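Reading through the C-alpha cells given below for one structure.
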Amino acid sequence: MISANMLRGPRPFPLGDERTHYWRVQRMARATGVDLVEAQRRGVLPQRDWAGMVGRCRVCLWAEGCARWLDHMAGIEAEAEGPRTCPEDCVNRRPFKMLRDELRHEV
C-alpha cells in the first residue's frame with residue numbers, strides 16, 4: 001500500500017502549525033496507548049526524539065486524515081477495549097510502536 005507520504009515527490013511542502021501538530025502527536029499517543037510522560041521519565045523518549053516526532057507530523061501529508069481518524073477514535077473511545085493500532089499512514093507509526101513495546105517490557 002502506498003501512503004500519502006510516499007507520494008510527496010521532490011518539491012518542498014510548508015510545515016504545519018507547530019502547536020497543532022504537538023497536540024496531534026499527543027492525541028495519537030493517547031489513542032494508541034503510549035504514555036509519553038512515562039516514556040520520557042524512563043528515558044526511552046529523549047527530548048530530541050520527541051521533537052522529531054512533532055517535526056515529522058508537521059510535514060505529514062496525511063494530516064487531515066489523521067485529524068479525522070483521531071476525532072473518530074475520540075467518539076468511540078468509551079467503547080474501546082484498549083489502545084488502537086496506529087494507522088499505516090501515520091509518519092510516527094514506528095516510533096509509537098517502539099515506545100509502546102518498550103514501555104510494556106519495562107513494566
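Of the residues screened, Cys86 is not one that is within 11 Å of the chain's Cα centre (by Cα), farther than 24 Å from His105 by Cβ, modelled with pLDDT under 95 and not basic (Lys, Arg). If you scan the range 9-65, which residues turn out to be of a type in the set (Phe, Trp, Tyr), over 15 Å from Arg93 (Cα atoms) and either without any contact (Cβ under 8 Å) to a residue 24 or more places away in the chain or touching a Ser or Thr at 6+ places or on another chain (Cβ under 8 Å) (or both)? Once the filter is applied, which keeps residues that are of a type in the set (Phe, Trp, Tyr), over 15 Å from Arg93 (Cα atoms) and either without any contact (Cβ under 8 Å) to a residue 24 or more places away in the chain or touching a Ser or Thr at 6+ places or on another chain (Cβ under 8 Å) (or both), the range 9-65 yields only Trp23.
The residues in the range 31-87 that are on the phi > 0 side of the Ramachandran plot and touching a Pro at 6+ places or on another chain (Cβ under 8 Å) can be counted, and the count is 1. Scanning the range 1-22 for residues that are modelled with pLDDT under 60, assigned to a loop (DSSP other than H, G, I, E, B) and of a type outside the set (D, E, K, R) returns Met1, Ile2, Ser3, Gly9, Pro10. Looking across the range 45-65, the residues that are part of a loop (DSSP other than H, G, I, E, B) and over 11 Å from Gly16 (Cα atoms) come down to Leu45, Pro46, Trp62.
Out of Val25, Val37, report the one residue that is over 14 Å from the mean Cα position of the chain (by Cα) and either acidic (Asp, Glu) or not in a loop (DSSP other than H, G, I, E, B) (or both). Among Val25, Val37, only Val37 is over 14 Å from the mean Cα position of the chain (by Cα) and either acidic (Asp, Glu) or not in a loop (DSSP other than H, G, I, E, B) (or both). Set side by side, the residues Ala39, Ala74 differ, and just one is more than 19 Å from Glu18 (Cα to Cα) and surrounded by 18 or more Cβ atoms within 10 Å (Cβ to Cβ), which is Ala39.
Going through (1) at pLDDT 95 or above; (2) closer than 20 Å to Glu18 by Cβ; (3) loosely packed, with under 15 Cβ neighbours inside 10 Å one by one, Arg94 falls short only on (2).
The values are calculated or read from the model by the stated rules, or taken from the named source; none is laboratory data. These figures come from a predicted structure and were not determined experimentally. Neighbour counts run over all protein chains shown; Cβ positions are idealised from the backbone, glycine included.
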